[in-house]
Amino acid sequence: MKFLTTAGLAAMLAFGVSSTALAQAITIKFSHVVAPDTPKGKGAEKFKELAEAYTEGKVKVEVYPNSQLYKDKEELEALQLGAVQMLAPSLAKFGPLGVREFEVFDLPFIMKDYDDLRKITDGPVGRALLDKLDAKGIIGLAYWDNGFKVMSANSPMHVPDDFLGLKMRIQSSKILEAQMKALGAVPQVLAFSEVYQALQTGVVDGTENPPSNMYTQKMHEVQKHATVSNHGYLGYAVIVNKAFWEGLPEDVRGQLDKAMAESTAYANEIAQKENDDSLAAMKAAGTTTFYDLTPEERAEWVEALKPVHTEMADRVGADLIKQVYEAVGMKD
Ligand code: LMR
């Protein structure tokens with residue numbers, strides 16, 4: 001389809017080339033920034049497998065991992081322009097697109113586990129957030145999990161004061177910026193593809209990541225310390241170009257919806273184990289000392305980061321924060 005001119009298309013139709021033959025040429029480019037061996041990477045491969053099987057080859061899915069095609073911000077622009085059809089950006093990266101509400105997921109300690117998350121992503125709050133993408137020419141299909149984040153640096157981080165002056169890489173979320181500032185650190189936004197080198201060369205001192213990202217990017221080789229704080233969550237919205245999706249033959253879209261529902265279940269089922277395995281592998285590698293907070297230290301982190309919720313209420317909406325609190329049973 002890519003190389004088909006309008007005249008070529010008209011000629012094919014004039015000669016009675018069936019819509020099935022045309023549909024055979026549908027290609028979905030699915031671009032992402034992480035390694036293939038991560039919850040998102042495996043979810044994308046599962047979608048490819050199921051989509052190609054259910055559409056009986058009418059749709060070809062090409063997965064491009066590791067920022068091969070585009071880095072963080074560029075991939076969203078590429079989706080809007082139709083250069084790629086499908087992405088799964090982190091929920092922390094929708095601000096530049098003008099949909100800041102997803103940053104509610106970045107609020108520190110707002111969700112304690114995957115069960116809390118499901119209450120948001122599988123409920124009306126999650127659906128309403130995805131619907132906000134419509135105005136940007138994007139359809140939100142699903143939420144895919146990664147996991148809860150650890151903090152890493154070259155010095156131990158037991159209490160908030162340990163962050164004083166540390167340069168910490170963050171994703172492009174104002175809430176994450178506020179979180180790092182609340183700890184006394186200096187936040188710096190960098191594309192995911194640049195993080196390893198920035199840590200290695202000392203452009204930044206540390207960062208935060210779910211273990212699966214830290215491990216598959218080999219960040220543990222250049223970070224001496226990490227705290228398993230689970231202070232925040234990192235997950236994804238799987239999104240498609242709206243014009244592309246709505247232009248698909250209805251039967252094909254139905255088959256792709258089924259493939260997406262099943263690959264979502266798969267990605268969310270493996271996420272916890274992928275992260276547990278990555279953490280274990282990094283501990284075994286022995287290049288990073290992993291630290292678990294004592295209950296007292298954790299209480300200090302919670303106390304230091306609580307003001308971020310009120311400070312950022314205008315950014316994501318006080319009502320939205322309240323809805324999330326209610327859904328997960330958190331007291332203000
Ligand atoms: C990051 O930039 O740290 C993550 O969003 C990467 C990813 O897609 O998991």
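Brief remarks on what is shown
- Amide H contacts of LEU293 (H built 1.01 Å from N, under 5 Å, at least 5 apart or other chain): VAL228
- Chain lengthening between ASP37 and THR201 when straightened (0.36 nm per residue, less Cα-Cα): 56.5 nm
- Label point at ALA261 placed 7 Å out along Cα→Cβ; residues across segment 137-170 whose backbone nitrogen lies under 18 Å: 140-144
- The DSSP beta bridges internal to the chain are antiparallel in roughly 50% of cases.
- Hydrodynamic radius by Kirkwood, which averages 1/r over all alpha carbon pairs of segment 173-332, in angstrom: 18.8
- What the Kirkwood sum gives for segment 55-133 is a hydrodynamic radius of 14.6 Å, with every pair of different alpha carbons counted.
- Using θ = phi - 60° in the Karplus curve 6.51 cos²θ - 1.76 cosθ + 1.60, the 3J(HN,Hα) couplings for segment 142-158 round to 6, 10, 10, 7, 10, x, 8, 8, 10, 9, 9, 6, 9, 10, x, 10, 9 Hz; x is entered for Gly and Pro.
- Fraction of alpha-carbon pairs over 17 Å apart in segment 247-332 - percent: 74
- Sites SER155 and ALA25 - FRET efficiency at Förster radius 56 Å, r taken between beta-carbons, to 0.05: 0.55
- Per-residue [θ]222 nm for the chain (sum of -39500 (n - 2.57) over DSSP H runs n ≥ 4, rounded to 500): -13500 deg cm²/dmol
- The chain: Cα Rg divided by the 2.2 N^0.38 Å rule of thumb: 1.05
- Kirkwood Rh in Å, taken over all unlike Cα pairs in segment 139-213: 13.1
- Förster radius 30 Å - calculated FRET efficiency between ASP292 and GLU56 (Cβ-Cβ, nearest 0.05): 0.05
- Placing dummy labels 7 Å off each Cα toward the beta-carbon, the span from LYS306 to GLU326 is 2.3 nm.
Rule-based calculations on the coordinates, nothing more; no lab input. Nothing here was measured: the structure is a model prediction, and the numbers come from that model. Positions of Cβ are backbone-derived with ideal geometry, glycine not excepted, and every protein chain shown enters the neighbour counts.
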